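Below: one structure, written as structure tokens.
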Amino acid sequence: MRNWQCRIAPGTRAYLSEAEFVAETEAAIQNLLSDYRREILFLKDRCYDLEIAIVREARLRAEAERAGR
């Protein structure tokens, strides 16, 4: 998470106005940060056994989805 890179799909500049591009970029960043925070919380739960039921349930559900269950 130290170095971030992104690629803009060909044709994006012609498709979106500057304001739309900025709005889409901000939304993507917010989603990325939300996912990052959630994964950090899951990691803390796994390592430190936080005993927060809703976090534990969400983590186990996410792990099951990743495993394809």
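If you run the Gaussian network model on the chain, springs between alpha carbon atoms under 10 Å, then out of R56, R37, R13 the most flexible one is R13. Within the listed set A14, A23, A53, the Gaussian network model of the chain (springs between alpha-carbon atoms below 10 Å) gives the highest mean-square fluctuation for A14. Residues in segment 42-57 carry Karplus couplings, in order, of 4, 4, 4, 4, 5, 7, 10, 6, 5, 6, 10, 4, 5, 5, 4, 5 Hz; the curve used is 6.51 cos²θ - 1.76 cosθ + 1.60 with θ = phi - 60°, and Gly or Pro positions show x. On the basis of the beta-carbon distance and an R0 of 22 Å, L41 and A9 show a calculated FRET efficiency of 0.10.
At 1.4 Å probe size, put F42, F21 in order of accessible surface, largest to smallest.
On the way: F42 10, F21 75 Å².
Most to least solvent-accessible, the answer reads F21, F42.
Heavy-atom accessible surface of the chain, averaged per residue, reaches 92 Å², computed with a 1.4 Å probe. Computed over the chain with a Gaussian network model linking Cα atoms closer than 10 Å, the most mobile of A19, A27, A58 is A19.
What size of dipole, in debye to the nearest 20, comes out for the chain about its Cα centre when the only charges are +1 on Lys and Arg C-beta atoms and -1 on Asp and Glu C-beta atoms?
280
Compared with the rule-of-thumb size 2.2 N^0.38 Å for a compact globular protein, the chain has a Cα radius of gyration ratio of 1.55. Heavy-atom surface analysis with a 1.4 Å probe gives segment 1-65 a carbon and sulfur content of 55 percent of its accessible area.
The values are calculated or read from the model by the stated rules, or taken from the named source; none is laboratory data. As the structure is a computational prediction, the values presented were derived from the model and not from experiment. Don't worry about glycine lacking a Cβ; one is built from the backbone with ideal geometry, like all the others, and counts go over all protein chains shown. Note: accessible area is taken over every heavy atom of the protein model, side chains too, but ligands, DNA and RNA are not part of it. Shrake-Rupley method; radii C 1.70, N 1.55, O 1.52, S 1.80 Å.
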